[in-house]
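Here is the structure we will look at.
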Amino acid sequence: MAEHVPQLEVAGTVTREDVLRARDRRKVLASRAGRRRLHLLWLLLGPGVLVMLGENDGPSMVSYAATGATYGVGFFVPFILLTFLMAYLVQEMTVRLGAATHRGHAELIFQRFGPFWGYFAMGDLVLGNLLTLMTEFIAIQAGGLYFGVPAPLSVAIGVVLVSLSLAFRRYATWERVAMGLAAFNLLFIPAAFFARPDGAALLSAIGTWRPLPGGFDTVFLTLILANIGATVTPWMIFFQQSAVVDKGLTRADLAPGRLDTALGAILAALAAIATVVAAAPLYRAQADVSAFVSGADFATALRPYIGSVGATLFALGIIEAGLVAAMTISSSSSYALAEAIAERHSMNLDLAHGRLFYAAAIVSALIAGSVVLTPGAPLLAMTLTVNVLATLLMPPALLFLLLLVNDREIMGDLANGWRANLAGGSIVVAISLVGALYGVITVFPGLLPH
């Protein structure tokens with residue numbers, strides 16, 4: 001396998017990056033030797049929780065809110081649970097790939113498939129990341145508007161916070177700060193309680209998967225795609241694999257790594273369903289969601305139904321969703337870009353050696369924030385469209401992932417078995433079919449009722 005690793009200034013030099021990662025690993029080994037299981041789990045938690053709660057981002061929470069306001073809790077609550085199961089299956093393969101190879105996803109694609117497919121995958125990622133990053137600042141702006149903060153100030157604060165998070169120059173510190181912020185994604189859960197949901201009806205919806213009210217139409221298919229794109233996207237694969245490598249996880253850490261990913265999926269699913277439930281009063285009130293401009297409109301429209309406290313929690317959750325996702329998605333772009341051009345890529349780098357790595361994240365945030373402030377931009381339409389686009393971009397990313405986790409030269413005994421391939425292949429086929437159907441009705445809009 002051709003080498004595709006950054007060259008150190010002096011061969012054999014132990015870098016700051018190496019020292020910091022070694023210190024983290026020493027803590028893990030000491031905890032494992034002392035059989036302190038909870039402490040060991042705490043040390044290894046991070047990439048899975050962050051990738052799942054990070055994907056509960058601005059466009060995702062707005063998609064869930066639009067779903068609840070359009071269809072209530074019947075059909076989509078069990079569907080959302082299914083999408084998070086899909087997300088876990090995809091990200092579990094990502095954890096195994098990172099632990100087995102100690103290489104980032106972009107780096108492996110270049111190594112195993114060559115420059116053409118490497119740049120193809122990078123194009124897929126960069127397009128999706130930049131568009132998604134724009135919607136994160138839309139979410140931050142929308143939440144700020146609810147509290148009376150001018151849009152330029154909200155966006156500027158978001159860009160500054162993303163930039164400052166990189167100043168730690170320490171992966172472990174960045175990860176813990178991001179996890180602390182990600183915990184606020186759970187604000188949607190108390191917001192849902194203010195909507196006074198019918199618990200029996202909610203359990204019935206999960207258990208029976210109620211038929212869709214209103215039938216199969218363009219709006220329904222768009223929300224199907226948006227909800228898939230709210231849980232399974234290309235940046236998640238690139239981010240979690242690079243984070244697993246940056247954290248130094250090994251084969252011995254696979255069980256905690258899987259638990260980390262499962263815990264993230266469960267927490268993110270709870271927050272997603274809570275968002276649908278919190279917005280469901282708008283469905284009962286027959287609110288016209290198409291007239292909403294941004295996520296702030298959901299919080300404002302919900303105030304008469306879930307009260308000021310509930311609406312405030314909803315708006316704060318929208319801000320958190322955008323901020324955490326901006327941090328993780330911009331870092332995903334940094335990892336992938338540096339890996340693609342064989343530069344050093346770690347949040348343990350000092351500023352001198354990590355100029356390109358850190359600059360990529362900051363520049364992408366600046367570009368996204370600037371676009372969001374364009375006068376007259378259709379913010380809600382952009383938000384929903386990005387999740388749809390994320391779904392359409394997912395099949396190529398999944399195919400690369402499946403090819404890599406079946407490569408026994410790099411995976412050894414951690415390569416996929418037939419069950420994992422069946423699950424992964426089914427996900428690729430399902431997403432491709434839904435995407436193809438969406439393409440057909442886009443070209444021939446008269447095929448479905450509106």
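The values are calculated or read from the model by the stated rules, or taken from the named source; none is laboratory data. As the structure is a prediction and not an experimental result, all values here were calculated from the model. Note: ideal-geometry Cβ built from the backbone for every residue, glycine included; neighbour counts use all protein chains shown.
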With the requirement that a residue be farther than 26 Å from HIS345 by Cβ and among the β-branched types (Val, Ile, Thr), what does segment 48-104 give you? VAL62, THR67, THR70, VAL73, VAL77, ILE80, THR83
Taking segment 197-230 as the search range and keeping residues that are modelled with pLDDT of 75 or more and assigned to a loop (DSSP other than H, G, I, E, B), which one is surrounded by the most Cβ atoms within 10 Å (Cβ to Cβ)? ALA230
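Are any residues in segment 53-76 assigned to a helix (DSSP H, G or I) and among the β-branched types (Val, Ile, Thr), and if so, which ones? Steps first, please.
Kept after step one, since they are assigned to a helix (DSSP H, G or I), are these residues of segment 53-76: 53-55, 58-71, 76.
Within segment 53-76, VAL62, THR67, THR70 qualify.
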If only one of PHE116, PHE110, PHE193 is closer than 30 Å to LEU414 by Cα and surrounded by fewer than 16 Cβ atoms within 10 Å (Cβ to Cβ), which one is it? PHE116
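Which of the residues that make up segment 125-174 are outside any helix (DSSP H, G or I) and at pLDDT 85 or above? If you could, list the steps in order and put the result at the bottom.
Step one: filter segment 125-174 for residues outside any helix (DSSP H, G or I), giving 147-150, 169-170.
Result: PHE147, GLY148, VAL149, PRO150.
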Pick from LEU38, LEU50: which is surrounded by 17 or more Cβ atoms within 10 Å (Cβ to Cβ) and either among the aromatic types (Phe, Trp, Tyr) or part of a helix (DSSP H, G or I) (or both)? LEU50
Cβ pairs under 9 Å, 6+ apart or interchain, first in segment 414-441 and without any contact (Cβ under 8 Å) to a residue 60 or more places away in the chain, second surrounded by 14 or more Cβ atoms within 10 Å (Cβ to Cβ) and acidic (Asp, Glu), ordered by first then second residue, are ALA415/ASP407
Look at segment 249-288 and say how many of its residues are more than 21 Å from the chain's Cα centre (by Cα) and not in a helix (DSSP H, G or I). 5
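Just to be sure before I move on: is THR275 modelled with pLDDT of 90 or more, over 24 Å from ALA430 (Cα atoms) and among the polar types (S, T, N, Q) in the structure I sent?
Taking the combined requirement at face value, the residue satisfies it.
Quick one: which of ALA368, ALA340, ALA390 is crowded, with 21+ Cβ neighbours inside 10 Å, over 30 Å from ARG21 (Cα atoms) and over 15 Å from the mean Cα position of the chain (by Cα)? Spell out the reasoning first.
Details: ALA340 fails: over 30 Å from ARG21 (Cα atoms); ALA390 fails: over 15 Å from the mean Cα position of the chain (by Cα).
Answer to the selection: ALA368.
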